[in-house]
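Quick note: the coordinates plus some simple rules give every number you see, no bench work behind them. Bear in mind that the values here come from a model prediction, so they are computed numbers and not experimental data. All Cβ positions, glycine included, derive from the backbone under ideal geometry; neighbour counts span all protein chains shown.
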Amino acid sequence: MAAKIVDPGIYSLVSRVMGSTPAFLDAPAAKRRHHAYIGGLAEHTLETAEIALSLAGTVSRARMDTDVLLAGALLHDVGKAACFRRQGFSFVALPDYTLVGHTALGAAAILRQSAGVDPERFSHILHILMSHHGPHGEVQPRTPEAWAVHFADNASATLRAACDDTADLVPGEERRGARCGGPVYRFSTPTE
């Protein structure tokens, strides 16, 4: 997905950050709610980037900087890689998960690698990372790219949670979803 970034400085930023974050491919995206398994962070990040890019290409008259959008989507949760440690076939959350938070850790990671990126575009990428929690975060999204990453992040997380909550239901069964936090129901599919 990073190969779609045209600007060499932005591409290099994403490559350097990912290259200096070896735990990224193994880390979960969360402790419990969504993508809470080894490799979940990488899967969630790819989904977020694909959804954000799709939003940018689908909304009429949306003029978005797709290099900034993709970099923001690919880096929005990079700080989570520093929040977990492998333990056997699972993982444990480290104190920084709750004491510092993945957004601050991610911002620190990209600030260390900012050389060679246009300062305004770098600020935009940093804004996307800092505002990806949307209206509930400390920083509110203020650009179409930041809103697209926020919505894409939510879509990936919520749909994964709903799919996980309904995976073992039989058609016609309903219950409260442990991950998505609301009631879930499973309809039969044509193959069932």
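For the range 110-136, give me each residue that is closer than 20 Å to LYS80 by Cα, of a type in the set (Gly, Ala, Ser) and out of contact with any Phe, Trp or Tyr (no Cβ under 7 Å at 6 or more places or on another chain).
SER131, GLY134
Within the range 1-55, count every residue that is in a helix (DSSP H, G or I) and either touching a strand residue (DSSP E or B) at 6+ places or on another chain (Cβ under 7 Å) or among the charged types (D, E, K, R) (or both).
So the count comes out to 5.
Tell me, which helices (runs of 4 or more DSSP H) wholly within the range 95-145 include 2 or more residues that are under 18 Å from the mean Cα position of the chain (by Cα), among the aromatic types (Phe, Trp, Tyr) and within 21 Å of LYS31 (Cα to Cα)?
none
Give me the residue from the range 59-79 that is of a type in the set (Val, Ile, Thr) and farther than 16 Å from PRO141 by Cβ and, out of that set, nearest to the chain's Cα centre (by Cα).
VAL78
Going through the range 172-186 one residue at a time, which ones are within 25 Å of ARG32 (Cα to Cα) and assigned to a loop (DSSP other than H, G, I, E, B)?
The answer is GLU173, GLY177, ALA178, ARG179, CYS180, GLY181, GLY182, ARG186.
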